[in-house]
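Just so it is clear, none of the values below were taken in a lab; they were calculated from the coordinates. The shown structure was predicted, so the numbers you read here are calculated from the model rather than taken from an experiment. Here the Cβ positions follow ideal geometry from the backbone for every residue, glycine too, while neighbour counts run over all protein chains shown.
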Amino acid sequence: MRYDLDTQTGKHVSVVVHQDGRRTIGFHDPSDDDSCKETVALTPQDAAALAQVLAPDSLRAVRRQVEIDLVTERIPVTKESPYAGRLLGDTQARTRTGASIVAVLRRTGAFPSPAPDFRFAMGDVLVVVGTREGVNAVGTLIAGG
């Protein structure tokens, strides 16, 4: 994912967030936005340290938010589930419970960040993240309760 920033002094900076957590900062040529003059690769630890320097109060607020009691749980799609063979979007799980199905584990592999058109199969295991109440509600929903 790429985030662009035009500074008040007319500079153009991009931050590319990689799936593995790395960040790359790109400094663009003012005459050609598609051309980077220089890049700096940051590890997740480097990015956190830079964020602390740039906005110490904001990072503290984010850390407080992260301390919310989030849980991760694996919920099986059994033959009794009304969602076996149906689409993730049919569950409306996030809207109904506030919890997110962040991955689906299947014997043939893992499917991270499944889209609403992902079709569940009997035997799938859903990786769900949310509050305890939200995750419990997804479990009830998938079980057919």
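A few remarks follow.
- Helix-only [θ]222 nm of the chain, DSSP H runs n ≥ 4, -39500 (n - 2.57) each, per residue, nearest 500: -8000 deg cm²/dmol
- Mean Cα-pair separation over length for the chain, i.e. relative contact order, pairs under 8 Å, 6 or more apart, %: 19 percent
- For the chain, the Cβ-based charge dipole about the Cα centre amounts to some 680 debye (Lys, Arg positive; Asp, Glu negative; other atoms uncharged).
- Rounded to the nearest whole Hz, the Karplus-based 3J(HN,Hα) values (6.51 cos²θ - 1.76 cosθ + 1.60, θ = phi - 60°) of segment 5-15 follow the sequence 9, 9, 6, 5, 8, x, 7, 10, 10, 10, 10, with x at glycine and proline.
- As a size descriptor, the averaged projected area of the C-alpha convex hull of the chain was calculated at 11.6 nm².
- Overall dimensions of segment 105-145 as given by Cα atoms, namely Rg and Dmax in Å: 11.1, 30
- Spin-label model distance (nm) - residue 31 vs residue 79, 7 Å beyond Cα toward Cβ: 7.1 nm
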